[in-house]
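Colleague: Here it is, the structure, as structure tokens.
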Amino acid sequence: MDISVVVPLYNEDESLPELFAWIERVMKEHGFSYEVIFVNDGSTDRSWQVIERLKAQSDKVRGIKFRRNYGKSPALYCGFSQAEGDVVITMDADLQDSPDEIPELYRMITEDGYDLVSGWKQKRYDPLSKTLPTKLFNATARKVSGIKNLHDFNCGLKAYRKEVVKNIEVYGEMHRYIPYLAKNAGFQRIGEKVVHHQARKYGKTKFGLNRFVNGYLDLISLWFLSTFGVKPMHFFGLLGSLMFILGFVAVIIVGVSKLYNLHNGMPYRLVTDSPYFYLSLTSMIIGTQLFVAGFLGELISRNAPERNKYQIEKTI
């Protein structure tokens, strides 16, 4: 099979028939063998009934229904696990992503050799309250991930080589960082394509400012896990050692200062009367705790069942 189109959705019953008809037309025009996997993320409208009707009309339709709303990342994870196409395309169900982009995305994967191609909605039809935070968010994601050529990490329209979706785990709200997950899994050929962005035709946006707060927290978590996930002692142990040494040196300075004044008959005060003594002691305690946290992290990592799971491309 050439293409699997994975469409996560939540309360998009009005747009689904038009979206599938559009995808079907594009696929027939270019002679692709394909499937469309609709992942119903606990919709409370008639989305599932629409999917069932589309399934009855075409054997190209497949559906997954969640009992409740879990989020976009779980929907993509389940869609990826069911996808059988050589190239997997993801798009949103609100008709803001154009299926006319599919042939070129497919070509970039199969002919240009990309592992992943992300859409870039260079011209957006969103309010300023959404576009400005999005630009800041993407700039931060480029800096942290090291993927300098992507301008729109959160674009729902993406194309993947099948091996990519089968070797990454999309969880929590990590769908925003799938290119980063792919890079960490060893897929370095990541490209971008300017895509057309259409104004929403049906329903209402699921956008909220809390997505940016959660997005930054997820980015920090992903950076930490990719950098220190299998070697926590390198982070906690180093930081703890530095704090302990700093506090220990400060305590020595406080003690030597008192002894010097005492030896030379100069006025002095008790070590416990100095605020620097308590600051130094606190630094040593925190340093010890961080070091122990790193040690415990190493013990947990050592016993993790996937500690020796590596991405092997081929063997001969």
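Colleague: Stretched out fully, how many nm does the piece from residue 58 to residue 189 gain, at 0.36 nm a residue minus the Cα gap? Numbers along the way, then the final one.
Modeller: Values: separation 131, 0.36 × 131 = 47.16 nm, distance 3.46 nm.
This chain segment gains 43.7 nm when fully extended.
Colleague: Determine, from the Cβ-Cβ distance of residue 65 and residue 278 and an R0 of 51 Å, the FRET efficiency 1/(1 + (r/R0)^6), rounded to the nearest 0.05.
Modeller: 0.30
Colleague: For labels at residue 271 and residue 143 in the simple 7 Å Cα→Cβ model, what's the distance in nm?
Modeller: Placing both labels 7 Å along Cα→Cβ, they lie 4.3 nm apart.
Colleague: At 222 nm, what value in deg cm²/dmol follows for the chain if DSSP H runs of at least 4 each add -39500 (n - 2.57) and the sum is divided by all its residues, to the nearest 500?
Modeller: On the way: 10 runs with 148 residues, N = 316.
Mean residue ellipticity at 222 nm (helix-derived): -15500 deg cm²/dmol.
Colleague: Report, in listed order, any pair from 193/231; 72/183; 143/166; 60/123; 72/123; 123/143 with a Cα-Cα distance greater than 28 Å.
Modeller: Values: 193/231 36 Å; 72/183 20 Å; 143/166 26 Å; 60/123 32 Å; 72/123 24 Å; 123/143 22 Å.
From the list (193/231; 72/183; 143/166; 60/123; 72/123; 123/143), the Cα-Cα distance tops 28 Å for 193/231; 60/123.
Colleague: While we're here: Residues of the chain: accessible area per residue at 1.4 Å, in Å²? Don't jump to the answer; show the numbers that get you there.
Modeller: Working: 17430 Å² over 316 residues.
Ligands and nucleic acids excluded, the figure is 55 Å² per residue.
Colleague: Considering only protein heavy atoms and a probe of 1.4 Å, how much of the accessible area of region 39-128 is carbon and sulfur, as a whole percent? Working shown, then result.
Modeller: Details: 1860 of 4250 Å².
On region 39-128, the fraction of accessible area on carbon and sulfur atoms equals 44 percent.
Colleague: Which of (1) 38, 36, 20; (2) 40, 21, 18; (3) 53, 21, 18 is the computed semi-axes √(5λ) of the Cα gyration tensor in Å for the structure on display?
Modeller: (3)
Colleague: Can you work out the FRET efficiency for the pair residue 225 and residue 167, with r the C-beta to C-beta distance and R0 = 22 Å, to the nearest 0.05? Mind dumping the intermediate values first?
Modeller: Working: r = 16 Å, r/R0 = 0.74.
Computed FRET efficiency for residue 225 and residue 167: 0.85.
Colleague: Once both labels are modelled 7 Å past Cα along the beta-carbon direction, what's the residue 49-residue 301 spacing in nm?
Modeller: Rounded to a tenth, the inter-label distance reads 5.3 nm.
Colleague: Just the number, please: percent antiparallel of the DSSP beta bridges in the chain, rounded to the nearest 5.
Modeller: Numbers: 8 of 29 bridges.
Within the chain, antiparallel bridges account for around 30 percent of the total.
Colleague: Sticking with this one: Please compute the modelled spin-label separation between residue 100 and residue 292, points set 7 Å along Cα→Cβ, answer in nm with one decimal.
Modeller: The two pseudo-label positions are separated by 6.4 nm.
The values are calculated or read from the model by the stated rules, or taken from the named source; none is laboratory data. In this text the structure is predicted, and so the values were computed from the model without any measurement. For neighbour counting, all protein chains shown are included, and Cβ atoms are generated from backbone atoms with ideal geometry for every residue, glycine included. Side chains are part of the model used for accessible areas, which takes the heavy atoms of the whole protein and leaves out ligands, DNA and RNA. Shrake-Rupley method; radii C 1.70, N 1.55, O 1.52, S 1.80 Å.
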